[in-house]
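Asker: Sharing a structure below in structure tokens format, with a few things to ask.
A short reminder: the numbers here are calculations on the coordinates, not readings from a lab. Since we're looking at a predicted model, the values are computed, not measured. In this analysis, Cβ positions are derived from the backbone assuming ideal geometry, glycine residues included, and neighbour counts consider all displayed protein chains.
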Amino acid sequence: MGRRRDDRGQLTRRELVKYGAYGAAGMLFCADEASAQTAAPAQAPPKPKAKSVIQIWMWGGPCHIDTFDPKPKSGAAYSGPYVTPASTNVDGMQVCQMLPLLAKQADKYSLIRSMTHGDYGHETAAYVVQTGHTGGDGQVYPGLGSIVSLIKGYNGGYKGLIPPYVVLTQLQGRFSESGFLGNRASPFATGGDPNGGRFVVEGITTDGITELRQRNRRDLLQRLNSLEHAMKGDSAMLALGKCETNSYDLMLGDAGKVFDLSQEKDAVREGYGRNTFGQSCLAARRLVEQGVPYVTINYPGWDTHKEHFQAMQNLLPQLDKGLSTLLIELSERGLLDTTIVWCSGEFGRTPLVAMEEPWNGGRHHWGPVFANLIAGGGFKGGHVLGATGPRGEEVTDRPVHPSDLIHSVFTLMGIDPDATLPHPQGLSLPAAPPRPKNIQTAGPIVELI
Amino acid sequence: MFIATNGGQSRIKPSVVTDEALRKPYETEERITSKTQIDFLVLKKLRQLGIEPSRICSDEVFVRRAYLDVTGTLPTIVESREFPEERSPNKRRELIENLLESEAFSNYWSLHFCDLLRVKAEYPVDLWPNATQAYERWIRTAIRANMPYDQFARQLLTSSGSNFRTPQVNFYRAIPGRNPIDIAKTVALIFMGTRAEKWPSALLQRMSTFFSQVGYKSTMEWKEEIVLRDPTKLAPRDQTCLFPDGKAITLPPEQDPRTIFADWLVSPHNPWFARAAVNRIWYWLLGRGIVNEPDDIRPDNPASNPELLSYLEREFVSSRFDLKHIFRLILQSTTYQLASIPRSIDPKAAANFASYPIRRLEAEVLLDAINDITGTNEVYVSYTPEPYTWVPTDQRTVQLADGSITSAFLEMFGRPSRDSSLSIERTNEVSTDQRLHLLNSSHINGKILYGPGLNALTPSGKKPENIITDIYLRILSRTPTEDEMKIGLEYSSPKNSDPKSAAMDIAWALINSAEFLYRH
């Protein structure tokens, strides 16, 4: 089951960080600081062409400085060993030196260095980033994936047997992806390991049962299903039967083969990196090829309070290989125009490296700043939006709140921000989050569209 | 998730008539009689409407239904085998009494009260793990002791103290806004079964004044919080309150306003309190409220059988708010004991309780049942929020205190989020991913094939007839019909497959059958 795998630090760590960091954070922006860059001139909205989203969720919070916002001049106290950033194929755009492959693809993506919300808790920040809502009004809003898959899924013309919202491979847990939409909008978690000998997707891939036995079982079940026979025609029984037919189509038919990564050439699989994240990127590409509207790759391991740089030596090359190959392949297959790739964690990490025991070169949570990579589906490549101070501690230009980014995703997908979501108490709540009350931002990221 | 149904009440298409032979395992020849006051009132209404009720369910169905509904567990093989053989005319009554007094009753029903009271560690409300455990334990202990429901409500509404040491104060912590309006709405929903957002706003505003002095403060202990009365939070000139019935009161400065509200709420003359409680119990046991939804009681949403509702209200008040008394009255009625296969295609049949409605087992109960059958268990662990939560492996899923602990199975099968206290949060709809999981996941297949439970029932050398009978008793709580036995034996024939695999496939088929998946 989808358990957290990487949050085993000191008992009181999160609390310490929370209270220790608040003072220096400078969470709120003054209006004049925030209005540094004006929005692009008004023009006719572009015709929406995005059909799918691949969300790469770097659970735990990746450090902005060590990924998409390098600060080489801040010195080792802030940048550790990463003081020689990689120049990219776009003039003046740099990424961390650990991302050389991504550096060669910078024309395909843009970086937002001024993401901000000021939240330091994993669950609350994960909620803010994925819903755009800051909480406190008693509602639990659905995440972007639930909204997109609800509107662009079976209600929006999607007809595939694969569910419209797939998570590779585990649910995030705690944070309920679907909020008040309930489980009609919750994701299908694949389970299994795409990097395993065989990607066993719970329920779809049969493991240890021959196809003949599977067919015999199906026949036996039909014959022994006595209550169903006695209640033939009942709506619940009809629904159960429909789900069963769908299931067997997925298990025995072609639709489920989307998860059979052995259909890909070895060279392709190698290109993504032979690890869970890399092969998840490959699976995500195969899913959007089939028209699945929303795929989340839940990528844990970024909550590096201790020995941060040792962890980065392992994680960054994985990210580099998997994500760059994904962008190349989507582009080569003509899918990048219709597929948004969004790469984010719940927050950034403390710019000043905690050298002392017990952290030994760790980084803690940092709510005021984090960095996102965004590509495809109508988002321009080769741009950097927003900026942070010399040590990456605060946003100095063009703050972007998650609600701004979500608005822009809606624009590119042709989702009406005022569309009403089905609500259990019949409340009329719009799909898009409101502008945050306590943080000045410069609004949706029109510059990148 | 992809759902193919509204999943709600079962409706029969007019064109379909169930073959009498197919009904056999599920019902008796016996018809409903006015044995109890509930039956009298239900039958009276059905006669008025010209609706034919179902027959009384068979003993096999009853023993399974009673176990599932009263305790959230399945009967054992022995209990399933022996109950239909017993000759005592009072055997159904006796079984109900035994089950109501069992530990499993309080374990299972605290699950439903924990749904209502939003017991979970985190998000959007941070109760935190220790307080969650304490709160669940307080609820379970109250149910085990059959604490009178007026006391239960009063304690939740009026207590002050530490979230660890006076766990009932967590009631006020489990409300996201922590402001008087949100508290008032929550109280109305939980204890009056009504949605205060539909009230005139001035009434809600003035009722919320009863909760305007609820204060919170932290302590030196990690994640401890005190809930208390803070008299400074309300200026004297604002101290006029309205009760939900519109009656005004000026708060005496020395008294905690919560206690004044609680006195009003649990008064025997209050029409709301008893009605909401008995209607909810009826909803829990019979799948549909007499007022439906059970938490949307309002003048323009009338009871389908007002006499029935007021009878139960009177019983509840005169028994001094004895929850088990209401359970007992309902469970012992023949209305409750009707078969689930309808005799009527009238669209009003369901709302008037002409049969027992089939409902998919709740996520937690389903998983516990599969674990009991297969002799396996689940591992529940949580590393967030801190302190970490490890659940003993022998603890049943219905007893999980923290309703937000991560579990893909429970999410998939519609565990409620415990955000809103609304009954519709728990969804027993069926979906394709649920179906896939039960038909074909390594999780469920592994339990069936390798768990000790079914393996113990299928040793080599045991006669196939006996294996099939035991598997039926264990999974469906009844013996197979002749036809079913024939199909099973044919499937087990050595020329078709090896006996062990055949037995496991039969068990697999029964676990995937509607009869197992649904209360019926």
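Asker: For labels at B:HIS269 and B:TRP222 in the simple 7 Å Cα→Cβ model, what's the distance in nm?
Answerer: 5.2 nm
Asker: Which pairs break 27 Å Cα to Cα here: B:LYS198/B:LYS324; A:LYS104/A:LYS380; B:LYS91/B:LYS463; B:LYS24/B:LYS486; A:LYS71/A:LYS104? Present the calculation step by step, with values, prior to reporting the outcome.
Answerer: Details: B:LYS198/B:LYS324 32 Å; A:LYS104/A:LYS380 16 Å; B:LYS91/B:LYS463 32 Å; B:LYS24/B:LYS486 17 Å; A:LYS71/A:LYS104 20 Å.
Where the Cα-Cα span goes over 27 Å, the pairs concerned are B:LYS198/B:LYS324; B:LYS91/B:LYS463.
Asker: Further, regarding this structure: Within the range B:390-415, name every residue whose backbone N is under 20 Å away from a label modeled 7 Å from Cα of B:ARG137 along the Cβ vector.
Answerer: B:390-405
Asker: Another question, then. Calculate the spin-label point distance for B:SER319 paired with B:TRP390, positioning each point 7 Å from the Cα along the beta-carbon direction, and give it in nanometres.
Answerer: 4.2 nm
Asker: Once the dipole of chain A is set up with Lys and Arg at +1 and Asp and Glu at -1 on Cβ about the Cα centre, which of A:SER280, A:HIS229, A:PRO402 lies farthest towards its positive end?
Answerer: Going by the charge dipole, the pick is A:HIS229.
Asker: Averaged over peptide A:417-429, how many Cβ atoms belonging to another chain are found within 10 Å of each residue's Cβ?
Answerer: 2
Asker: Calculate, for A:ASP266 and A:THR84, the FRET efficiency according to 1/(1 + (r/R0)^6) with r their C-beta to C-beta distance and R0 30 Å; round to the nearest 0.05. Before the final figure, lay out the partial values.
Answerer: Numbers: r = 34 Å, r/R0 = 1.12.
For A:ASP266 and A:THR84, the calculated efficiency is 0.35.
Asker: Separate question: Give the peptides B:41-49, A:65-73, B:387-395 in descending order of average Cβ contacts within 10 Å, highest first.
Answerer: Sorting B:41-49, A:65-73, B:387-395 by mean packing, highest first, produces A:65-73, B:41-49, B:387-395.
Asker: Using Cβ counts within 10 Å as a stand-in for footprinting exposure, how do B:VAL317, A:VAL148 rank, fewest first?
Answerer: With the sparsest Cβ surroundings first, the list reads B:VAL317, A:VAL148.
Asker: Would you list, by chain and number, the aspartates and glutamates whose Cα falls below 16 Å from the Cα of A:LYS51, excluding same-chain residues fewer than 8 positions away?
Answerer: A:GLU289, A:ASP337, A:ASP416
Asker: Still on this model: What are the lysines whose alpha-carbon lies under 18 Å from the alpha-carbon of B:LYS233, with same-chain residues fewer than 8 places away excluded?
Answerer: B:LYS217
Asker: Moving to a separate point now. Using a Förster radius of 51 Å, what is the FRET efficiency between A:GLU289 and A:ALA76 based on their Cβ-Cβ separation? Nearest 0.05, please.
Answerer: It comes out at approximately 0.70.
Asker: Express the C-alpha Rg of the range A:203-284 as a ratio against the empirical globular expectation 2.2 N^0.38 Å, rounded to two decimals.
Answerer: The value comes to 1.52.
Asker: Could you work out the Rg to Rh ratio of chain A, with Rh taken as the Kirkwood radius (inverse of the mean 1/r over all Cα pairs)?
Answerer: Values: Rg = 22.5 Å, Rh = 22.8 Å.
Ratio of gyration radius to Kirkwood radius: 0.99.
Asker: Taking the convex hull of the alpha carbon atoms in the protein assembly as shown, what volume per residue do you get, in Å³?
Answerer: Roughly 173 Å³ of hull volume per residue.
Asker: While we're here: Give the residues of the range B:391-418 whose amide nitrogen is closer than 13 Å to a point set 7 Å from the Cα of B:THR76 in the direction of its Cβ.
Answerer: none
Asker: Next question, about the same structure. Looking at the protein assembly as shown, what % of its DSSP beta bridges pair antiparallel, to the nearest 5?
Answerer: Antiparallel: roughly 60 percent of the beta bridges in the protein assembly as shown.
Asker: Hey, with R₀ at 41 Å, roughly what FRET efficiency would B:GLU307 and B:GLU86 work out to, going by the Cβ-Cβ distance, to 0.05?
Answerer: Result of the calculation: an efficiency of 0.75.
Asker: By how many degrees, between 0 and 90 and to the nearest 10, does the Cα long axis of helix A:211-224 differ from the longest principal axis of chain A?
Answerer: 60 degrees
Asker: In nm, to one decimal, how far is the B:GLN255 label point from the A:GLN310 one, both placed 7 Å along Cα→Cβ?
Answerer: Modelled inter-label distance: 6.4 nm.
Asker: To the nearest 500 deg cm²/dmol, what mean residue ellipticity at 222 nm is calculated for the protein assembly as shown from DSSP H runs of n ≥ 4 alone, each contributing -39,500 (n - 2.57), summed and divided by the residues?
Answerer: Calculated mean residue ellipticity at 222 nm is -11500 deg cm²/dmol.
Asker: Pick from A:PHE410, A:PHE370, A:PHE347 the residue whose mean-square fluctuation is largest in a GNM of chain A, springs joining Cα atoms under 10 Å.
Answerer: Residue with maximal mean-square fluctuation among A:PHE410, A:PHE370, A:PHE347: A:PHE410.
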